[in-house]
Structure formats: structure tokens, C-alpha cells
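Accompanying notes for the structure given below.
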Amino acid sequence: MPPLNGAAAPQSHAIYPGSFDPPTNGHLDVIARAAVIFPTVTVAVVVNPQKRSPHFTLDEREEMLRRCTSEFPNVRVDHFRGLLADYVKRIDANVIVKGLRVVSDFENEMAAAHMNRSLTNVDTMFLMSDSNYSFVSSSLIKEVFLQGGDISRYVPDVVLEYMHQKRSTHGRK
């Protein structure tokens, strides 16, 4: 049932889903802002079998996120397989948080938000990316790094450590 007088219902548990392969400063910016707005934020790593194999394992992505969000007592890190709508119901979240970098992100995210709302009656809150990170994506970070570029401004130190470790393990530059 919708709230009376069009007032927004109080939100207490937000979920911020993503592949986080790897987490970027843009992701951390969204997490930090969501942590101020909501008493509980679950950062959920999506296990998506339809995507090509991730650069980092699920355990590595979760560990990076845990280390990057340790300063936020109301943020927890988890993962899920399957539909976001099912996971939202399972953890009793009442809002989905998504970051938007550019206008083209909005088209896909809006369709997903409508679908998730129809399946769960949970709304999606969009947070605009900080302009310093509006062009930063995990895919671009990996590409620049693997070609020897400096990504230190765009990822937390712990992620940079993991990137160097992964590269040395695989014998790249």
C-alpha cells in the first residue's frame, strides 16, 4: 500500500548491488553517501553466470569491499546469485541504490528499476556519480591498468594492491 499523502515511506535497509570487478572510488562514493542516508546498507556482489568470467574471484571482490568499507559500521558486504528481486525479499531490503555515471546508464537502470519494483514493490534510488568519477568504470580501470596506465586516483589503495598482485601472479607487466 502506498504511503498517505504521497509521502515517502521511511527507508531503513538499502541494497547496493553490482559486480564490483574491481571496486572503484566511484563505487565507494556511492556507498559512503548511501551509508549517510540509510541505517543499514548491504553491498551485494552479483554472481552473474551470463557475464564473462570476472577478473577477480567472488571472495576477492568481497574481501576488497569489506576492507574498503570497514570505516562504515552500518555497511555489510554479501553476495547473491539469481534475481535481485529475490535477494531483496530475502534480506528484507526496502530500497535499491544504484549509481549513475552518464545518461546512457539511466536507460538500462530505469528498465531494471521498473522490473524490480513490479516484482518486489521496492523502489530504486539513483545517486548521480561524483563528477570526478563519471567516466570511471571497472572495465575501463582493468583495461588501463593491464596496459600499464596509472589508475591510483580511481581505486582505493587496497584495490590497487589486489590489481598489482593479480598482474604479477599472471605474469603481466
Which cross-chain or sequence-distant (5 or more) residues have an amide H under 5 Å from the amide H of MET125, H modelled 1.01 Å from N in plane?
ILE96, VAL97, LYS98
May I ask you to compute the full-extension gain from SER70 to LYS89, defined as 0.36 nm times their residue separation minus their alpha-carbon distance, rounded to one decimal in nm?
4.3 nm
What trypsin sites (Lys or Arg not before Pro) does segment 16-84 have in DSSP loop regions with at most 10 other beta carbons within 10 Å?
LYS51, ARG52
Quick one: if you stick a label point 7 Å off each Cα along the C-beta vector at ASN132 and GLN165, how many nm between them?
2.5
Debye, to nearest 20: dipole size of segment 127-166, +1 on Lys, Arg Cβ, -1 on Asp, Glu Cβ
100
With log10 I(q)/I(0) by the Debye sum over Cα atoms at q = 0.08, 0.18, 0.19 Å⁻¹ in mind, check [x] -0.25, -1.23, -1.36; [y] -0.78, -1.19, -1.22; [z] -0.21, -1.23, -1.39 and report the label derived from this structure.
[x]
May I ask you to compute the full-extension gain from ASN121 to VAL47, defined as 0.36 nm times their residue separation minus their alpha-carbon distance, rounded to one decimal in nm?
24.3 nm
If contacts are Cα pairs under 8 angstrom and at least 6 residues apart, what is the relative contact order of the chain in percent?
27
Counting sequence-distant residues (5 or more places) and residues on other chains, those with an amide H built under 5 Å from that of HIS79 are VAL45
Checked segment 99-173 with the C-alpha gyration tensor, a ≥ b ≥ c its square-rooted eigenvalues, rounded below a/c of 1.5, otherwise prolate if a/b is larger than b/c and oblate if not; verdict prolate
Let me have the 222 nm mean residue ellipticity of the chain computed from DSSP H runs of 4+ only, each contributing -39500 (n - 2.57), with the sum over all residues rounded to the nearest 500.
-13000 deg cm²/dmol
Most mobile listed residue (THR124, THR57, THR69) in the chain, GNM with C-alpha springs under 10 Å:
THR57
Heavy-atom surface of the chain, accessible at 1.4 Å and reported per residue (Å²):
56
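The values are calculated or read from the model by the stated rules, or taken from the named source; none is laboratory data. Quantities reported herein were computed from a predicted structural model and do not represent experimental measurements. A quick note on method: Cβ atoms are made from the backbone with ideal geometry, for glycine too, and the neighbour counts reach across all protein chains shown. The protein model used for the area step is the full one, side chains on, heavy atoms only, and it has no ligands, DNA or RNA in it. Shrake-Rupley method; radii C 1.70, N 1.55, O 1.52, S 1.80 Å.
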